[in-house]
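To start, the structure under review is shown below, and the notes come after it.
The values are calculated or read from the model by the stated rules, or taken from the named source; none is laboratory data. Keep in mind it's a predicted model, so treat the numbers as computed, not measured. Reconstructed Cβ throughout: ideal geometry from the backbone, glycine too, with neighbour counts over all protein chains shown.
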Amino acid sequence: MNKVQLPAYDDSAAFDKLSKNNRLGSYPQLQPLVGTVQASYDQYMAVNGAPTLVHNQPISATAAAFLKGHYASPPTDLEHITKMRESTEHLVCPMCGSMHSGTLDHYLPKNGFPIFSVFSKNLVPACKCNSKRKETLLGANPGERVLHPYFDDCLGERLVSARFEDLGEVPRVSVVLMISNTHPQHSAINFHFRSIIQRTAVVRYLADRWSSLFRKPSRVVRALAENIATQDQVQALLEEERDALDDLHKGKNNWNSIFVSGLLDPIVLTWLAERLSMPGRVPDSPLG
């Protein structure tokens with residue numbers, strides 16, 4: 001989960017050029033749509049892509065099929081789609097926070113909103129959480145919706161933490177929201193969390209990180225290679241580590257930062273500090 005920059009491509013010009021390309025099978029069927037598509041793009045931007053506010057202009061099944069086909073195999077007029085795929089596959093997934101992307105997700109699903117099939121501001125880098133989300137967009141209750149990484153500023157806040165319970169070599173691991181139910185976007189954040197984050201492999205990832213930390217702390221947090229005298233020192237080192245991970249991954253809700261947030265829970269912090277300060281402990285040895 002990351003707030004990311006809007007793509008800078010001129011989608012209106014790209015669609016106009018696409019409609020005039022007589023080497024494509026979609027010529028000239030897209031030409032009558034140019035004004036409608038450009039107006040729809042402008043309106044999408046005016047409402048920040050909000051799914052309840054976007055005007056979903058109908059287009060023919062033929063036009064929809066052409067646009068979906070051009071998304072799947074972009075012609076040179078839509079080379080921005082190829083560039084977006086290639087330039088983001090190594091980044092943290094803005095939708096779920098996993099440590100890679102690899103594909104593009106239609107924020108407004110292309111089956112329900114085909115007019116935005118090739119619109120760069122509707123294409124969000126994502127990992128395979130894309131296939132798990134499918135066409136989920138809105139919940140049953142007011143304010144419930146999937147967050148939009150280009151427009152929802154709350155994605156820049158720290159929203160999610162690991163939770164470790166029954167501490168030991170194999171604790172119980174889960175993920176929890178860090179915000180209160182008074183947060184102005186709580187309904188949307190909670191829906192996104194339930195519909196996307198909790199359906200990923202994040203818990204398995206966190207459990208693996210804990211296992212590595214338990215066996216050899218420096219494998220996960222290098223500063224824990226040495227014994228540490230006080231809980232305050234452990235907290236300071238972990239906060240510094242989390243800040244560095246936030247900076248490295250350009251956001252506060254990547255899975256590595258989520259892991260360290262869980263270590264900073266007071267109960268877990270006390271448990272860690274006790275083990276890292278045990279008399280006679282060999283530095284960087286298991287925490288058991």
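Checking 78, 53, 108 one by one, the residue that is more than 30 Å from residue 202 (Cβ to Cβ) and within 23 Å of the chain's Cα centre (by Cα) is 53 and no other. Of all residue pairs spaced 6 or more apart or on separate chains, those with beta-carbon atoms under 7 Å, a first member in segment 257-282 that is within 30 Å of residue 96 (Cα to Cα) and a second member that is β-branched (Val, Ile, Thr) and surrounded by 13 or more Cβ atoms within 10 Å (Cβ to Cβ) are 258/160; 258/175; 262/268; 269/234; 272/234.
Entry remark, segment 54-74: residues being under 23 Å from residue 29 (Cβ atoms) and outside any helix (DSSP H, G or I) number 8 in total. Candidates are the residues of segment 70-85 that are of a type in the set (A, V, I, L, M, F, W, C) and in contact with a helix residue (DSSP H, G or I) (Cβ under 9 Å, 6 or more places away or on another chain); the one that is surrounded by the fewest Cβ atoms within 10 Å (Cβ to Cβ) is 84. Taken over segment 86-108, the criterion of being in a loop (DSSP other than H, G, I, E, B) and either buried (at least 19 other Cβ atoms within 10 Å of the Cβ) or of a type in the set (Ser, Thr, Tyr) (or both) is satisfied by 91, 92, 93, 94, 95, 96, 97, 98, 101, 107, 108.
Against the test of being closer than 27 Å to residue 274 by Cα and either surrounded by 12 or more Cβ atoms within 10 Å (Cβ to Cβ) or more than 14 Å from the chain's Cα centre (by Cα) (or both), the options 187, 161 yield a single qualifying residue, 161. In this structure, does residue 226 turn out to be in contact (Cβ under 8 Å) with a residue 12 or more places away in the chain, surrounded by fewer than 16 Cβ atoms within 10 Å (Cβ to Cβ) and closer than 16 Å to residue 161 by Cα? No; evaluated as a whole, the condition is false for this residue.
Counting only helices (runs of 4 or more DSSP H) that fall entirely inside segment 120-228 and contain at least 1 residues that are more than 30 Å from residue 79 (Cα to Cα), the qualifying elements are 186-195, 202-215.
Of all residues in segment 137-158, which are farther than 26 Å from residue 263 by Cα and surrounded by 16 or more Cβ atoms within 10 Å (Cβ to Cβ)? If the condition is that a residue be farther than 26 Å from residue 263 by Cα and surrounded by 16 or more Cβ atoms within 10 Å (Cβ to Cβ), then 137, 139, 144, 145, 146, 147, 148, 149, 150, 151, 152 are the ones that fit. Of the residues 16, 77, the single one that is at pLDDT 95 or above, charged (D, E, K, R), touching a Leu at 6+ places or on another chain (Cβ under 9 Å) and in a helix (DSSP H, G or I) is 77.
Only one entry of 282, 268 meets the criterion of being in a helix (DSSP H, G or I), over 19 Å from the mean Cα position of the chain (by Cα) and at pLDDT 95 or above, and that entry is 268.
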